[in-house]
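Below is one structure, written out as structure tokens, with a few remarks after it.
The values are calculated or read from the model by the stated rules, or taken from the named source; none is laboratory data. Keep in mind that what you see is a predicted model, and the values were worked out from it rather than measured. Neighbour counts are summed over all protein chains in view; Cβ atoms, including those assigned to glycine, are modelled from backbone coordinates with ideal geometry.
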Amino acid sequence: MLGHVLRCHICSLSSVRFCQNDSMSSESVCEVSKKLLDLEQRSVIKFLTKEGKKPKEIFERMVTVYRESAPSYYKVKFWSKQFKWGRESIEDDPHIGRPVEATSEEMCQK
């Protein structure tokens, strides 16, 4: 098994990924940190929505805190509406169909 040190060009985090035959199979550091940021921001939207804040105010506050990493106004409106309608989960809904990327031993060996 070989290790690959990867550095994210956006967030400058490093990660080591392992796979057989010098091929990589796990998610990149950027993908993982982006998912964590999305969940964090959805938690903020959920909290502020439950406090009765309007999407516009939530968006403005998030831009102040997250700056260029803030979600778009459309995303704030979407998630705020979801939470207002009773949604509790901050996770993405499962997608139907084929996965965008497949990882298997056969793929690593190619």
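So that you can scan it fast, the table gives a plain yes or no per residue for (1) surrounded by fewer than 16 Cβ atoms within 10 Å (Cβ to Cβ); (2) modelled with pLDDT of 95 or more; (3) closer than 22 Å to Lys34 by Cα; (4) out of contact with any helix residue (DSSP H, G or I) (no Cβ under 7 Å at 6 or more places or on another chain):
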{"position": "Glu51", "(1), (2), (3), (4)": "yes, yes, no, yes"}
{"position": "Lys56", "(1), (2), (3), (4)": "yes, yes, no, yes"}
{"position": "Glu60", "(1), (2), (3), (4)": "yes, yes, yes, yes"}
{"position": "Thr64", "(1), (2), (3), (4)": "yes, yes, yes, yes"}
{"position": "Ser69", "(1), (2), (3), (4)": "yes, no, yes, no"}
{"position": "Lys75", "(1), (2), (3), (4)": "no, yes, yes, yes"}
{"position": "Gln82", "(1), (2), (3), (4)": "no, yes, yes, yes"}
{"position": "Gly86", "(1), (2), (3), (4)": "yes, yes, no, yes"}
Next item on the list: Might you let me know whether segment 1-12 holds any residue that is surrounded by 15 or more Cβ atoms within 10 Å (Cβ to Cβ), under 17 Å from the mean Cα position of the chain (by Cα), modelled with pLDDT under 95 and not in a strand (DSSP E or B)?
Entry: yes
Item checked: Total residues in segment 48-82, condition in contact with a Phe, Trp or Tyr (Cβ under 6 Å, 6 or more places away or on another chain) and not in a helix (DSSP H, G or I) -> 0
Checklist line | Residue count, segment 14-49 (criterion: modelled with pLDDT under 75 and touching a Ser or Thr at 6+ places or on another chain (Cβ under 6 Å)) | finding: 4
Note to self: Under 7 Å between Cβ atoms, which residue pairs at least 6 apart in sequence (or on different chains) link something in segment 83-95 that is touching a residue at least 24 places away in the same chain (Cβ under 8 Å) with a partner that is polar (S, T, N, Q)?
What the structure shows: Phe83/Thr49; Lys84/Thr49; Ile90/Ser43
